[in-house]
1. Can you give the FRET efficiency to the nearest 0.05 for Leu383 and Gln505, using r as the Cβ-Cβ distance and R₀ = 45 Å?
2. Let me have the relative contact order for segment 275-425, percent, based on Cα pairs under 8 Å that are six or more residues apart.
3. For segment 275-425, just say rounded, prolate or oblate: build the C-alpha gyration tensor, square-root its eigenvalues into a ≥ b ≥ c, call rounded for a/c under 1.5, and beyond that prolate if a/b exceeds b/c, oblate if not.
4. Measure off, as a whole percent, the carbon and sulfur share of the 1.4 Å-probe accessible area of segment 42-135, all protein chains present.
5. Can you give me the % of accessible surface on segment 275-425 that is carbon or sulfur? Probe 1.4 Å, all protein chains present, nothing else counted.
6. Which of the peptides 72-85, 281-294 is most tightly packed, and how do the rest follow, judged by the mean count of other Cβ atoms within 10 Å per residue?
7. List the residues whose amide H sits under 5 Å from the amide H of Gln409, counting only those 5 or more places along or on another chain, with H placed 1.01 Å from N in the peptide plane.
8. Pairs Lys274/Lys306; Lys274/Lys413; Lys351/Lys390; Lys58/Lys162; Lys46/Lys406: which are spaced more than 28 Å apart, C-alpha to C-alpha?
Amino acid sequence: MAATDSSPSLEILVRGPEGYSIWNGPPFNNGQPTVKLERVPCTNTKYSEDGSRLMVIKSDSVVSIYDCSNSKEIRSFDVPNMTAATLSPRGTYLQTFQKSTTPQEKNVVIWKIETGEPLYHQFQKNMTKTTWPSVRFSSDETVACRMATNEIQFLDTADFSKGIVSRLRIPGVAAIELAKAPGTHVAAFVPESKGAPASVQIYACAKDLQSQPVARRSFFRCSTVQLNWNSGSTGLLVLAQSDVDKTNQSYFGESKLSYLTTDGKHEGLVPLSKEGPVHDVQWSYSGSEFAVVYGFMPAKATVFDKKCNPLLELGTGPYNTIRWNPRGKFLCLAGFGNLPGDMAFWNYTEKKQLGTTKAEWSVTSEWSPDGQYFMTATTAPRLQVDNGIKIFHYNGSLYFKKMLDKLYQVEWKPESADRFAEISELIKSVNSLKVENRKPTGQGSNASQFSVKPMSAKPIAQKPTAYRPPQAKQAAAVQAELLGVSSSETASKNALRNKKKREKQREKKASEGVSGT
């Protein structure tokens, strides 16, 4: 367990109406977390991708950057009329967006956090999910680019004073996604125009290799896309969605999942074996497999390799969410949002299900960086009641639960999975808590706010019955009594009364028939 002792400790950021605080992560002493940092007033917070720094927005004009190693403030920036702010992956730069009225006012600024000086200015008319952040960085911050009208512009991260060092011409480009690790390629989406289909194209970021796209895929009936790069920047999953389903099978439109590789060997649809929308898709930590939840309810879940060959079927159920463990060993298949919160935990390497449980009304869900715990949270403003946090073991047993009056944000402090011990050692530490290796029932109805529950045998699921109005139930009871279907149930007074009436009517008819003869 030496490797476990040298691993970094887990931390949880919790933000409410009065600000944020930081808890020491599990395992908890006496079943309760300890507070590492007391509440700090703020309106929003965000970690850098590597977890080295924390951005804290204190008002619409003040943003502070903290060093996560000692929770001390590095620098504070005063940016009037600030609408949005974000950190670069390693926390080297701060990018801010201000309200602007004229193109002469450059409202997007990149700041050097160590010195506090602005390095780059750019005008941007508005901000949407596809256009923010304006400047995209690779995980190592060696590549930076931004989307402009009909082109992608590349910047020199070593010297932002050079401005735009190269331009990639793509007429009609509406969205881009830069590969993270490494930042060798960029994907661009061009929507439909004048009868021409929409398309997604992959280009190399190196200036000398940008003459032709390395991969391209066209789509008909496509309004928006989600672009998902794998670790290693070798494969791109493209979820193309249309607002209208011309087959009239889905109220929410139509969706198709395609897969493109940077070597050009694969450009086509992912072979999904069930019709219906694609609910969620996620790459594994290694980037060698991806999991998809798809199809009309009950949805189906399948794990594919890099050649789109199915590796593991996870069954069907009320699911719309898939989450890979950072080590790639475990999977959580869940149904959140409008679904009842069912969760199934799988051991991917051993191809078996570990347990099932429920986390009703969950808004967010995330594995811990060490891959040992799975945390769900019910937060505002999505839900104004029943806000709280639940933490589960990798096998689905409930480890911790706490309800709060109002909760806005909960997330693990990011850490590289490589810094933690092997998952086999983590499993040994979990098993030391005397948790039986059987399928769990999850949270019970009398679960306390702070509790650790051992696993128990999985109960037999009862098949839900259709709703029947009271009058139908009464009629069914009468029919059962008259036909002798259910002798164990006691007949109601109405059933007995009706039975006697019918017997008298039969006797009366019989007597009339005899007298007539």
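The values are calculated or read from the model by the stated rules, or taken from the named source; none is laboratory data. Model, not experiment: these values are computed from the prediction. Methodologically, a virtual Cβ is constructed for each residue, glycine included, from the backbone with ideal geometry; neighbour enumeration extends over all protein chains shown. Surface areas here come from the heavy atoms of the whole protein model, side chains and all, with no ligands, DNA or RNA. Shrake-Rupley method; radii C 1.70, N 1.55, O 1.52, S 1.80 Å.
1. The formula returns an efficiency of 0.15 here.
2. Details: 375 pairs, mean separation 20.9, N = 151.
Relative contact order of segment 275-425: 14 percent.
3. Numbers: a/c = 1.87, a/b = 1.22, b/c = 1.54.
Cα axes put segment 275-425 in the oblate bin.
4. Percent of accessible area from carbon and sulfur atoms in segment 42-135: 47.
5. 49 percent
6. Order by mean packing, descending: 281-294, 72-85.
7. Sorted by chain and number, the residues that satisfy this are Arg15.
8. From Lys274/Lys306; Lys274/Lys413; Lys351/Lys390; Lys58/Lys162; Lys46/Lys406, over 28 Å: Lys274/Lys413; Lys58/Lys162.
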